[in-house]
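Below: the structure, in structure tokens.
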Amino acid sequence: MTNDRLDAWNYCWINGEKHTLPQIIHVINPATGETIGRVPRGGAAETERAIEAASQAFPKWSKLPAKARAGYLLDWADRISRDRQALAELLTMEQGKPLAEALDEIEGSADFIRWYAEEGKRAYGEIIPGSREKQRISVLRQPVGVAGLITPWNYPAAMVARKVSPALAAGCSVVLKPARQTPQIAIALFAHLMETGIPRGVANLVTGDAGVIGEALLSDRRVRKISFTGSTEVGKQLMRRAADQVKRLSLELGGNAPVIVFPDADLDEAAEKIVSNKFENGGQMCNGINVIYAHQEVADLLTEKIVSRVRELQIGPGTEPGVQVGPLIDMAAVQKVEELVKAAREKGARVLTGGYRLAAGERQGGSFFAPTVLAHVTREMSIAHEEIFGPVAPVIRFSGEEEVLRWANDTPYGLAAYVFTRDLGRVYRMSEGLEFGMVAVNGTSLSVPQAPFGGIKESGTGREGGRHGLDEYLETKYVTMMLPD
Ligand code: ADP
């Protein structure tokens, strides 16, 4: 690859300008193991400059009418849509997912931005009746200030859109740190944002050492809000550190999503949707299904329907036509999945399809793991408790509603849960009883711009999407006033 291609995205965005550095990070294509790009290894100094730029830009940006802010966001979304093919190819190259999924992600990102462009106009306050005749009480909603945004590699475009657009719509200025594995798509999205002519310093992006940039964001009093999506472990560290300055926090962390299939469900539909959710993005989705709980009356039939679909899945580099499952993000991810499968087998699980990594021949160098279904899985196995984050579907049998509800809730996580049933009473009992931030009934798709995506328990705090997502970037100020005589 030529140096021009390698360095196409080799810069940070600080105060509206490209910023290069002598120290770099290599970006790897997970389908081949090859270096496909280089980005700056930024640190404390770059983050400080970005925060300074964001705090200088904040007063003017926050006072712009929401309609004017919306203008920039709508223009950004249109530019992303127009360039969707090139952006999707870049995303697939560094993240691995099939091109069709990358295209959906890019379009979804543009939709999300459009939605928040409009919702920013509805940051309404309130008028509250006073306690005395001349007292007037009003409630204002004001942007929190500079927001530090930290995004993961699994949905590297969508996560940028889901954090940057509500923040900017609310009137905040931002400093974004994308994941080390997938920085180029974030830099490219920012290039499109800069082309809208958005005022300097409103949106800044620093790539580099996560710990150092994170610390610079957390220790700076000008940063009033942190929004993070990533592992529970890092989320907890950030939460502890954010306590020092009582920074506002949104955390979208790990999950352990159950899908529960009752005997009265449409089994073909359930199998279809379970496979499409479980194997999306190679299973690397925080709200992706982790465990399939199948009622004993239908477990064999459902498993058969799932296995026959999984056997049909095409695995390979995301750029190849027809591929449905790409590589995992790196070899460490492959190893983790392999160990979980091995441990389950040792305790009696049976591999119905898959169960191995694909390392030889044309898959050499890529971090591929075959789509896998495991039967005879029990609650004692680590695969039932740990977030798999890979293309492995373990099936556990259950016999009753109370039992399965207890099992599903027996996890420190609480992001998403899925239920398949046609019994209306059961729909209510399960949706109300499941301790998760999101419950999907007879479907598995959760990410829409207008709904509050997010978790409870150790899956995090705060919501992305909907009016709730705008609230994350707004403070509430109450003003009381006595009318003069
Ligand atoms: P994953 O397991 O998905 O890689 P991480 O939590 O490690 O999850 O990463 C999610 C995001 O958090 C990435 O942008 C990563 O660079 C960043 N990150 C990792 N460690 C820290 C840290 N100590 N402080 C701030 N950000 C961090």
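Things to note:
- Test: residue in the range 381-393 that is closer than 30 Å to Gly316 by Cβ, in contact (Cβ under 8 Å) with a residue 24 or more places away in the chain and over 23 Å from the mean Cα position of the chain (by Cα): yes
- From Leu91, Leu168, Leu149, residue being under 30 Å from Val479 (Cβ atoms), within 16 Å of the ligand (Cβ to nearest atom) and at pLDDT 95 or above: Leu149
- You will find that of Leu238, Leu217, the residue that is within 14 Å of the ligand (Cβ to nearest atom), modelled with pLDDT of 95 or more, open to solvent by less than 10 Å² (accessible area, probe 1.4 Å) and within 19 Å of Gly145 (Cβ to Cβ) is Leu217 and no other.
- Of all positions in the range 177-184, none carries a residue that is without any contact (Cβ under 8 Å) to a residue 12 or more places away in the chain and in a helix (DSSP H, G or I).
- Residue count for the range 137-171, restricted to those that are among the small types (Gly, Ala, Ser), part of a helix (DSSP H, G or I) and touching a strand residue (DSSP E or B) at 6+ places or on another chain (Cβ under 7 Å): 2.
- Selection count where residues are open to solvent by 10 Å² or more (accessible area, probe 1.4 Å) and within 16 Å of the ligand (Cβ to nearest atom), scope the range 180-207: 2
- Among (1) surrounded by fewer than 20 Cβ atoms within 10 Å (Cβ to Cβ); (2) in a helix (DSSP H, G or I); (3) among the β-branched types (Val, Ile, Thr) - the single one Thr319 does not satisfy: (2)
- Matching entry among Gly318, Gly348, Gly354 (being in the same structural domain as Gly283 (by TED's automatic domain parsing), in contact (Cβ under 8 Å) with a residue 24 or more places away in the chain and more than 22 Å from Ala384 (Cβ to Cβ)): Gly318
- Residue match in the range 21-41 (condition: of a type in the set (A, V, I, L, M, F, W, C), over 30 Å from Gln364 (Cα atoms) and surrounded by 17 or more Cβ atoms within 10 Å (Cβ to Cβ)): yes
- Checking Val175, Val212 one by one, the residue that is open to solvent by 10 Å² or more (accessible area, probe 1.4 Å) and within 16 Å of the ligand (Cβ to nearest atom) is Val212 and no other.
- Looking only at residues in the range 220-235 that are in a helix (DSSP H, G or I) and open to solvent by less than 60 Å² (accessible area, probe 1.4 Å), the one that is nearest to the ligand (Cβ to nearest atom) is Val234.
- Any hit, the range 383-398, residues being over 17 Å from Ile289 (Cβ atoms) and not aromatic (Phe, Trp, Tyr): no
- Residue match in the range 81-97 (condition: in contact (Cβ under 8 Å) with a residue 40 or more places away in the chain, more than 26 Å from Pro327 (Cα to Cα) and open to solvent by 10 Å² or more (accessible area, probe 1.4 Å)): no
- Test: residue in the range 265-272 that is more than 11 Å from the ligand (Cβ to nearest atom), crowded, with 24+ Cβ neighbours inside 10 Å and assigned to a helix (DSSP H, G or I): yes
- Any hit, the range 362-372, residues being within 28 Å of the chain's Cα centre (by Cα) and farther than 20 Å from Leu313 by Cα: yes
- Selection count, the range 443-485, where residues are touching a helix residue (DSSP H, G or I) at 6+ places or on another chain (Cβ under 6 Å) and not aliphatic (A, V, I, L, M): 9
- Per the conditions (1) over 22 Å from the mean Cα position of the chain (by Cα); (2) open to solvent by 20 Å² or more (accessible area, probe 1.4 Å), the sole criterion not satisfied by Ala70 is (2).
- Scanning the range 355-385 for residues that are open to solvent by 20 Å² or more (accessible area, probe 1.4 Å) and in a loop (DSSP other than H, G, I, E, B) turns up Tyr356, Ala359, Ala360, Gln364, Gly365, His376, Thr378, Arg379, Glu380, His385.
- Odd one out for Lys121 among (1) basic (Lys, Arg); (2) within 29 Å of Arg84 (Cα to Cα); (3) touching a residue at least 60 places away in the same chain (Cβ under 8 Å): (3)
The values are calculated or read from the model by the stated rules, or taken from the named source; none is laboratory data. All of these numbers come straight from a predicted model, not from anything done at the bench. So basically every Cβ, Gly included, is an ideal-geometry build from the backbone, and we count neighbours across all protein chains shown. Heads up: the accessible areas ignore ligands, DNA and RNA and are worked out on the full protein's heavy atoms, side chains in. Shrake-Rupley method; radii C 1.70, N 1.55, O 1.52, S 1.80 Å.
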